[in-house]
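Structure record follows, encoded as structure tokens.
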Ligand SMILES: [Zn+2]
């Protein structure tokens, strides 16, 4: 039988969270109003940094240096610059000898594009609350989680409690494409005994995540005026064959024995063609066609192994076409080369989180496994136990993304309960 066990200190922290709830919503709306897509993260990062400064944390901001972190297993190759794109750390140093465990609360502030915006019923960057749901791009994934973790720490500070170990708040970029933001902070020495990432997984802790790759395929044709199109080789038509081959690949990998954490999942490994570009005129045969693909893979496999498997699969499909046999597709990998990652159920971090959840809500915590990737893997590369645990919402990466506001308050409380138990209170 589960029951709530709240100390007087925790009760005070919960009261403070209730008292600051309007401020918490205001902060969440403010950070969602920043359109922090790839390359545009500076505004929201500076806002968060000043807020953390205002809380009395020691803050640091710096731009990731890809050369410095390229040797990590979880590094993602990029072609773009990091100028003017800082990651942020805010540290609350313990006052005296360490008596608990140190903690990182980490969240990403990068969002995917809200296009096509005309499909939204509410403006993506001007949050509106309707029936307890707050709408906006990044609302669910994961600015509400970022808000909850910051306000959990803020409430503990304002109640006047002293923690027995350091707490850090990290806000990072490129969770949606490389994971390099998380790596940059860890590489710079911002490490701890454990980490929680409040990704919006409905107050469940995340056990496993799949591996993810990004791939670019360039198909060359031989361009011509359309009247000679029968003599030309149209790269769009050729690309379609390769896209079809990828659909067969997806069916093939999902027909293999499943990782135990996905045993009940009907389709854990998604292969998605997310971009395709070719041509600029209906009456021309274009000279090339490129498409970009996201490939999910079993957490037990290595990214390099899957890269060669997909490459071989496409090259074999190319053999079946007389043109592609002569002019094979150019295949390259960039962005995510992310291995899968799994968190042990009996780890102290998970047990402490389970207890905090249960003491806050009177119900046992559940877990889930994700068919995408998160920054959890970067922490695991640094041997830091980490999992995701955050609010509920829907329509991530889609129109009308929202978070259920009640769950933001809930998670603020259970994260606060977790902090007190993990870091311990200095009396
Ligand atoms: Zn996310």
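Quick notes
- Each DSSP beta bridge with both residues in the chain is either parallel or antiparallel, and the antiparallel ones are about 75%.
- Within the chain, helix-based [θ] at 222 nm, where runs of 4 or more DSSP H residues each add -39,500 (n - 2.57), nearest 500: -10500 deg cm²/dmol
- Residues 13, 411 arranged by fewest to most Cβ contacts within 10 Å: 13, 411
- Descending principal axes extents, the range 109-234, alpha-carbon based, whole Å: 79, 41, 25
- For 402, 122, order by how many other beta-carbon atoms lie within 10 Å, fewest first: 122, 402
- In terms of its C-alpha gyration tensor, the range 45-123 has an oblate overall shape, because the principal axis ratio a/c (a ≥ b ≥ c, square roots of the eigenvalues) is not below 1.5 and a/b does not outweigh b/c.
- Volume per residue of the convex hull around the Cα atoms, evaluated for the range 282-427, comes out as 178 Å³.
- Seen from all directions on average, the range 211-338 presents a Cα convex hull projection of 8.2 nm².
- Cubic angstrom per residue, convex hull over Cα atoms of the chain: 150 Å³
- Per-residue Cβ neighbour rank within 10 angstrom, fewest leading, 389, 135, 82: 82, 135, 389
- Euclidean distance between Cα centres, the range 232-265 to the range 120-136, Å: 35 Å
- Over all distinct Cα-Cα pairs of the range 79-181, the Kirkwood formula returns a hydrodynamic radius of 16.0 Å.
- Shape category assigned to the range 1-152 from the gyration tensor of Cα positions, a/c cut at 1.5: oblate
Bear in mind that the values in this text are calculations on the coordinates, not laboratory data. Predicted model, so just to flag it, every value in this text is computed and none were measured. Note: ideal-geometry Cβ built from the backbone for every residue, glycine included; neighbour counts use all protein chains shown.
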